[in-house]
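Remarks on the structure that follows.
The values are calculated or read from the model by the stated rules, or taken from the named source; none is laboratory data. Keep in mind that what you see is a predicted model, and the values were worked out from it rather than measured. Cβ sites come from the backbone with ideal geometry, for glycine too, and all protein chains shown count toward neighbours. Each accessible area value is taken on the protein alone, full model and side chains, heavy atoms only, with ligands, DNA and RNA left out. Shrake-Rupley method; radii C 1.70, N 1.55, O 1.52, S 1.80 Å.
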Amino acid sequence: MSDNWKQATKMVHGGIRRSQYNEVSEAIFLTQGFVYDTAEQAEARFIESGPDEFIYARYGNPTVAMFEDRIAALEGAEDAFATASGMAAVNGALSSMLKAGDHVVSAKALFGSCLYILENVLSGFGVEVTFVDGTDLDQWRAAMRPNTKAVFFESMSNPTLEVIDIAAVAEIAHSVGATVIVDNVFSTPVFSDAIAQGADVVIYSATKHIDGQGRALGGVVLGTKDFIRGTVEPYMKHTGGSLSPFNAWVLLKGLETIALRVNAQADSALKIAKALEGHVGLARMLYPGLPGHAQNALVQRQLGGKGGTVLSLDLKGGKEAAFRFLNALSIAVISNNVGDAKSIVTHPATTTHQRLPDDQKQALGITPGLVRFSVGLEDADDLISDLKRALEVAQS
Ligand SMILES: Cc1ncc(COP(=O)(O)O)c(C=O)c1O
């Protein structure tokens, strides 16, 4: 692969390893282990294995390595470690680098399972976490301490789509030597250039846009070679959160089409947001790609102008109206993933963010009327007609 290749070329050819059969499509090495020619070779490989010398699928696998190299090329990262899910990636990045006595600063607008790791898992191991409003740089500044080892945030939060300024937070974090860990799921690897903007470590749930067709769970941690191979890999390979070769193959094929898919989805999301703006049934509409949105300037700078593939609608009439709306939609399916070819509608307060106490939901803007809409690859005009019809039903 040439470093000069543009993104689209890297997505199709990056990381490829061909077997002796010279196959066109990447091979699935569906094997738990690898055979050594001699006992001496086995011993040598356990002492140190090269990039194409494999031992056991929990440690690494050729199909998984292809996925890691391809996503690292897309992200502009030195290296990547693929994980069994997005949460294995979040946990692996944080738990591998932190120890008792360390301090973490995190944005408080987080996906429920990310919040569980920061609130429950880390505290159990003696790591203190301070939560801040991620959009308020003064709060980030005030929270830093000499023992702050990491900052963590979702660059676009789930489900209220708050965009956090990666470059500004990185400058604050780096002033105390903290590692900047960004969950970049909603920004997608296509729109975001998180590493170039100052992130040290980037995480994806590959279950979302990278697969993009609802087939496989997966995740990935990206960063420097030292961090990935020296810190993350030993933790992951011994604690067991590695990606399966079959899922790696699904995700590799997903990367071939990701740019086409997320660009089409973001274009449709903008079209839908414009069509629903000011709708009488809506108390709020959250889509940072909309020119009037308070964070649109940041979206222009950080995401190349694209507002992402998800929009959130806050319906007048609370939970009852939201449920009527979900039940009335005929194209989008009621589920809880994002980034899929099929539009997916979610009621976060009763599903993905159910475990948050009511006051915390309120503080994060996860109101009873809030509905998250992940825009799929259907015709945007069909989606708009369906959404408008369901909004009418919701008001009735
Ligand atoms: C922002 C964010 N991070 C992490 C995850 C976890 O990903 P996975 O479900 O692949 O473990 C999700 C899943 O919804 C998410 O939305």
**Message:** Filter segment 136-163 down to the residues that are more than 16 Å from the ligand (Cβ to nearest atom), of a type outside the set (Gly, Ala, Ser), in contact with a strand residue (DSSP E or B) (Cβ under 8 Å, 6 or more places away or on another chain) and open to solvent by 10 Å² or more (accessible area, probe 1.4 Å) and list them by number.
**Reply:** 139, 144, 145, 147, 149
**Item:** Test for residue 237: is it open to solvent by 10 Å² or more (accessible area, probe 1.4 Å), within 14 Å of the ligand (Cβ to nearest atom), under 15 Å from residue 89 (Cβ atoms) and not polar (S, T, N, Q)
**Value:** no
**Request:** Taking only segment 78-92 into account, find how many residues are assigned to a helix (DSSP H, G or I) and within 8 Å of the ligand (Cβ to nearest atom).
**Result:** 5
**Complete:** Being of a type in the set (A, V, I, L, M, F, W, C), surrounded by 17 or more Cβ atoms within 10 Å (Cβ to Cβ) and in a strand (DSSP E or B) narrows 383, 313 down to just 313
**Request:** Tally the residues that are surrounded by fewer than 22 Cβ atoms within 10 Å (Cβ to Cβ) and either under 15 Å from the mean Cα position of the chain (by Cα) or not charged (D, E, K, R) (or both), restricting the search to segment 75-95.
**Result:** 5
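Within segment 151-185, work out how many residues are among the acidic types (Asp, Glu) and over 18 Å from residue 221 (Cβ atoms).
Going through segment 151-185 one residue at a time, the tally reaches 3.
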**Request:** Of all residues in segment 184-210, count the ones that are within 11 Å of the ligand (Cβ to nearest atom), aliphatic (A, V, I, L, M) and either touching an Asp or Glu at 6+ places or on another chain (Cβ under 8 Å) or free of Cβ contacts under 8 Å to residues at least 12 places away in the same chain (or both).
**Result:** 2
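Residue-by-condition table, conditions (1) over 23 Å from residue 15 (Cα atoms); (2) touching a Pro at 6+ places or on another chain (Cβ under 8 Å):
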site: 29; (1), (2): no, yes
site: 32; (1), (2): no, no
site: 53; (1), (2): no, no
site: 97; (1), (2): yes, no
site: 107; (1), (2): yes, no
site: 110; (1), (2): yes, no
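Let's see how each residue does on (1) surrounded by 13 or more Cβ atoms within 10 Å (Cβ to Cβ); (2) within 22 Å of residue 263 (Cα to Cα); (3) within 14 Å of the ligand (Cβ to nearest atom):
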{"position": "328", "(1), (2), (3)": "yes, no, no"}
{"position": "331", "(1), (2), (3)": "yes, yes, no"}
{"position": "347", "(1), (2), (3)": "yes, no, no"}
{"position": "354", "(1), (2), (3)": "no, no, yes"}
{"position": "358", "(1), (2), (3)": "no, no, no"}
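Out of all the residues in segment 38-67, which are among the β-branched types (Val, Ile, Thr) and open to solvent by 80 Å² or more (accessible area, probe 1.4 Å)?
47
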**Prompt:** residue 273: in contact with a helix residue (DSSP H, G or I) (Cβ under 8 Å, 6 or more places away or on another chain), under 23 Å from residue 310 (Cα atoms) and surrounded by 23 or more Cβ atoms within 10 Å (Cβ to Cβ), yes or no?
**Reply:** no
**Prompt:** Say we look at segment 211-230 and pick out the residues that are near the ligand (Cβ under 10 Å from one of its atoms) and in a loop (DSSP other than H, G, I, E, B); which of these is nearest to residue 339 (Cα to Cα)?
**Reply:** 211
**Asked** Which of (1) within 16 Å of the ligand (Cβ to nearest atom); (2) open to solvent by 10 Å² or more (accessible area, probe 1.4 Å); (3) charged (D, E, K, R) is the odd one out, the single condition residue 99 does not satisfy?
**Response** (1)
**Complete:** If we keep only residues of segment 179-198 that are surrounded by 24 or more Cβ atoms within 10 Å (Cβ to Cβ) and small (Gly, Ala, Ser), then the residue farthest from residue 74 (Cα to Cα) is 187
**Prompt:** Can you spot a residue in segment 118-125 that is of a type in the set (S, T, N, Q), more than 16 Å from the ligand (Cβ to nearest atom), outside any loop (DSSP other than H, G, I, E, B) and open to solvent by 50 Å² or more (accessible area, probe 1.4 Å)?
**Reply:** yes
**Item:** Residue that is under 26 Å from residue 294 (Cβ atoms) and within 12 Å of the ligand (Cβ to nearest atom), where the choices are 172, 166, 181
**Value:** 181
